[in-house]
Structure formats: C-alpha cells, structure tokens
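The values are calculated or read from the model by the stated rules, or taken from the named source; none is laboratory data. Bear in mind that the values here come from a model prediction, so they are computed numbers and not experimental data. As a convention, Cβ positions derive from the backbone with ideal geometry for all residues, glycine included, and neighbour counts pool all protein chains shown. The accessibility values were calculated without ligands, DNA or RNA, using every heavy atom of the protein model including side chains. Shrake-Rupley method; radii C 1.70, N 1.55, O 1.52, S 1.80 Å.
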Amino acid sequence: MVVTFEVTDQENGEWAVLRVSGELDLVTSPVLRQRVHDVVAEGRHRLVLDLSEVWFCDSSGVGVLIGSRRLLRSCQGRLRLILPARGAADGSHVNKVLGALGVRRLFEIHPDVPSALDEDARPLSA
C-alpha cells in the first residue's frame, strides 16, 4: 500500500498556507519540518498549517508542530492550525493526539482557512 503525503504551499496576503495531507509520521515529518523552515527562511513569519486532510499523526509529527511553533515565536511570527470544524467530536486524529498529549492548548486552532486568515476570528477553544 502506497501512502501519499503531500504539502502544498500558497500565499494569502501576509500569511503562508501549507496544506498537509496523508500521514504525519517519522518518515514524512522531516518533509513538513523542511517546508516550514523554507517558509521562514523566505521571510514569511505568519503561517497556517492546514491539517484537515491529515488522517494520522504520531509523536514525530507533534514534534514538528511544536518545533514550528517555537521557530515562528522566535522570530515574532504566528502559527495557526486548521483542524476539522467538529474537531475531536468527529475523530480528527491530530486533534485527539494533541489533546491526549496535553499540547492542544499551545496552538491557535481554527476550523478552516478563511477563519485562520481572519484577524478578528477567535480560535476554537482548547
């Protein structure tokens, strides 16, 4: 079985948006880590990670998310995550993993890209 992992990049005003799909694990997390570093190296310090199409996330994936948050904070940037609007209620794996590890509260989580790009939108509660 071939599992596809993809990260697509788009710019939306001041925000860079990386849409991630597939499994975020030991094999694929270095790809996302590099893409985040590339975005920051290009001078873009406002990043949205759309994880709504990630159906599996292990501890290495969580490590990349925490590392991305740390990197962006170090350059006075912002990181927002997109998780499905129903969150843990619909079984979002990333949501469950972040909640189980007690790190979900570290992130600004939004239900969709338009909400994440809206400066006035409030993140979903932790």
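With a point put 7 Å past each Cα toward its Cβ, work out how far PHE5 is from GLU53 in nm, to one decimal.
Using points 7 Å along Cα→Cβ, the separation is 1.6 nm.
For the chain, what is the accessible area per residue in Å² when the probe is 1.4 Å?
Numbers: 6680 Å² over 126 residues.
Here the per-residue accessible area is 53 Å².
Compute and list, largest first, the equivalent-ellipsoid semi-axes of the range 33-77 from the alpha carbon gyration tensor, each √(5λ) rounded to a whole angstrom. List each step's numbers first, then the result.
Numbers: eigenvalues 76, 26, 16 Å².
For the range 33-77, the semi-axes come out at 20, 11, 9 Å.
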